[in-house]
Each structure stands twice: as C-alpha cells, then as structure tokens.
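Colleague: Okay, handing you the structure first.
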Amino acid sequence: MKALLVIDFQKGISFDPAAHALAETRDVLRRALESARNEGIPVVFVQHGEAGTSFERNTEGWNFFDDVAPLAGEAVVEKASCDAFRHTELDEVLQSLGADTLIIGGYATEFCIDTSIRAAASRGYKTLVMQDGHTTRDREHLSAIEIKKHHNWIWPNMTNPEHEISLLPAVECFKL
C-alpha cells in the first residue's frame, strides 16, 4: 500500500528568504494531498522542530500552512534531525498503515528530503519522489534550482537493487 509523506512543509519555509518556487510547490503538494485523500491513500506529515530556527517548536514557523496540513486522524510525526526516521515513530506509523511504497515531497531537498528518501529506501520502502513536489532555498554555494536538479538526477540513479527510488511528476506517483 502507498502512503503520502509530506516532510517539513511548514510556515517557516516562507520566512526570509522564502523557499524557491514556494507557491508552485505548495500547489503541487495541495493537489497531491487531494489525490491521496480521494484515493484512500494514507497521509503522514513530518514536522521539524529545532530551537533557534524558523522551525522552533510552538512558533508560527513550526505550524503547517492551512491548505497543506493534516486533517483529523492523519498522522503527524515530529522530528529533530534531517532523517524523518531517526528517533521517531515514523517506521512504526508506516507499518501500522501497511505502507510499503512512499510518495515523498516537502522541504528541504538537500537536507530532510534527501536524507529521508535514502533512509526509506534502506528500510525497504519503494520510494516515489515527487519531482515537482520538493523545494529548498538558495544556499551560499548553490542555487535552489541547481540543488533540485542535482538531487533529481541522483535519486533515480542510486544503486539500490531491492528497493528502487523513482522520480516522477507528482500526478504520475498516484497512477502507479
């Protein structure tokens, strides 16, 4: 069974500087949530909390956007590191849902998205990355566009024979 995993897409990514293509990515994730919910695919939100950042717990930046937020009964897993599985109950939540395939999107491409994708694949999940459903900010050494381009190339080209990582437009993730 598939599960949609939305990672760290919280209001803090709209703070200065805002994430690259924030409105577009937000729209993709909103439509992905709609598709998952309409098809009965479980949705799990991962919420990053880190003191001294725009994701500090119990601040405005820690909250979800109103239109990309969990509904009653949907799981929310809190984390404090880039890996959504590290010291969290995410694996247990996914197992309780019967998930063996994850559709992943959110923020930040080179940190929490990349780390969680690799962790999911190493745990045996078939991983579908929404090519248009993840974003980041410009960094000192690379632009957000370059970071996304690099990771969109890396993920489907990683050697992981038993547990593939696929990169697809979000709409295609729901057709498989």
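Colleague: Go through the range 64-82 and report how many residues are farther than 20 Å from Arg26 by Cβ and among the acidic types (Asp, Glu).
Modeller: 1
Colleague: Among the residues of the range 118-128, which ones are aliphatic (A, V, I, L, M) and farther than 15 Å from Lys175 by Cβ?
Modeller: The answer is Ala119, Ala120, Ala121.
Colleague: Within the group Arg123, Arg86, which residue is among the basic types (Lys, Arg), over 16 Å from the mean Cα position of the chain (by Cα) and either surrounded by fewer than 18 Cβ atoms within 10 Å (Cβ to Cβ) or modelled with pLDDT under 95 (or both)?
Modeller: None of the others qualify; the one that does is Arg123.
Colleague: Moving on. For the range 57-77, which residues satisfy the criterion of being without any contact (Cβ under 8 Å) to a residue 40 or more places away in the chain, loosely packed, with under 15 Cβ neighbours inside 10 Å and among the acidic types (Asp, Glu)?
Modeller: Asp66
Colleague: Moving to a separate point now. Please count how many residues of the range 1-14 are surrounded by fewer than 20 Cβ atoms within 10 Å (Cβ to Cβ) and in contact with an Asp or Glu (Cβ under 9 Å, 6 or more places away or on another chain).
Modeller: 2
Colleague: Something else now. What do you reckon, is Asp83 part of a loop (DSSP other than H, G, I, E, B), of a type in the set (Asp, Glu) and touching a helix residue (DSSP H, G or I) at 6+ places or on another chain (Cβ under 6 Å)?
Modeller: Yes; evaluated as a whole, the condition is true for this residue.
Colleague: Continuing with the same structure: Of these, Ala21, Ala32, Ala36, which one is touching a Gly at 6+ places or on another chain (Cβ under 9 Å), touching a residue at least 60 places away in the same chain (Cβ under 8 Å), surrounded by 14 or more Cβ atoms within 10 Å (Cβ to Cβ) and of a type in the set (Gly, Ala, Ser)?
Modeller: Just a single option satisfies the conditions, and that option is Ala32.
The values are calculated or read from the model by the stated rules, or taken from the named source; none is laboratory data. Everything quoted here is computed from the prediction, not taken from an experiment. Glycine gets a Cβ as well: all are built from the backbone with ideal geometry, and neighbour counts include every protein chain shown.
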